[in-house]
Amino acid sequence: QVQLVESGGGSVQVGGSLRLSCAASGDIERTNCMGWFRQAPGKEREGVAAIWPDPNEITYADSVKGRFTISLDTAAKTVWLQMSGLTPEDAGTYYCASDPPRPGAENFAWTLHGKIVCPYGTWGQGTQVTVSS
């Protein structure tokens, strides 16, 4: 059973940067699709970025393109999300996720422009990001 733990959240000013980390207790395979999601109070959870070493694909939400970068080291069992140019719209709880869906899990398939990016079934506990002026 893979477990995910996020870290690196905090409070930053508008325009600031943060680097989030996600450590996996189990193995991350090149065939896995790892992702970052976020959820603001009163809003639905939304996909932010995804990385899929095989077949070598990276996807970003339109709102974070050019500002966020997702990276993965399967040997280190770690996924990162580098965030720059932060705005109040970026605030919320950020979650790390891994495919595939699992029976009885909180499964969620991220869709972007009407197409499925990746289906997820394993989630971390979340790390909070606050952006102030």
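The values are calculated or read from the model by the stated rules, or taken from the named source; none is laboratory data. Predicted model, so just to flag it, every value in this text is computed and none were measured. Reconstructed Cβ throughout: ideal geometry from the backbone, glycine too, with neighbour counts over all protein chains shown. Heavy atoms of the whole protein, side chains included, go into the accessibility calculation; ligands, DNA and RNA do not. Shrake-Rupley method; radii C 1.70, N 1.55, O 1.52, S 1.80 Å.
Checking each residue in the stretch 69-92 for being in contact (Cβ under 8 Å) with a residue 60 or more places away in the chain and part of a strand (DSSP E or B) picks out TRP80, LEU81, GLN82, MET83. Restricting the stretch 53-66 to residues that are at pLDDT 95 or above and out of contact with any Phe, Trp or Tyr (no Cβ under 9 Å at 6 or more places or on another chain), the residue that is most open to solvent (accessible area, probe 1.4 Å) is LYS65.
Regarding GLU89, is this residue within 22 Å of ALA23 (Cα to Cα) and among the charged types (D, E, K, R)? Break it down into steps so the answer makes sense when it comes.
Working: within 22 Å of ALA23 (Cα to Cα): no; among the charged types (D, E, K, R): yes.
Answer is no for this residue.
One residue stands out in the stretch 93-126 among those that are open to solvent by less than 40 Å² (accessible area, probe 1.4 Å) and in a loop (DSSP other than H, G, I, E, B): the one that is nearest to ALA49 (Cα to Cα), namely ASP99.
Among the residues of the stretch 67-82, those that are open to solvent by less than 30 Å² (accessible area, probe 1.4 Å) and either over 21 Å from ASN32 (Cβ atoms) or of a type in the set (A, V, I, L, M, F, W, C) (or both) comprise PHE68, ILE70, VAL79, LEU81. Filtered by the rule that a residue be closer than 17 Å to PRO119 by Cβ and surrounded by 14 or more Cβ atoms within 10 Å (Cβ to Cβ), the stretch 30-41 gives ASN32, CYS33, MET34, GLY35, TRP36, PHE37.
This table checks each residue for (1) open to solvent by less than 70 Å² (accessible area, probe 1.4 Å); (2) closer than 17 Å to VAL131 by Cβ; (3) basic (Lys, Arg).
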residue: VAL5; (1), (2), (3): no, no, no
residue: GLY8; (1), (2), (3): yes, yes, no
residue: GLY16; (1), (2), (3): yes, yes, no
residue: ARG19; (1), (2), (3): no, yes, yes
residue: GLY26; (1), (2), (3): yes, no, no
residue: LYS43; (1), (2), (3): no, yes, yes
residue: ILE51; (1), (2), (3): yes, no, no
residue: SER84; (1), (2), (3): yes, yes, no
residue: THR87; (1), (2), (3): yes, yes, no
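Listed here are the strands (runs of 3 or more DSSP E) enclosed by the stretch 1-63 that have at least 3 residues being closer than 14 Å to SER98 by Cα: 4-7, 18-24, 34-39, 46-52.
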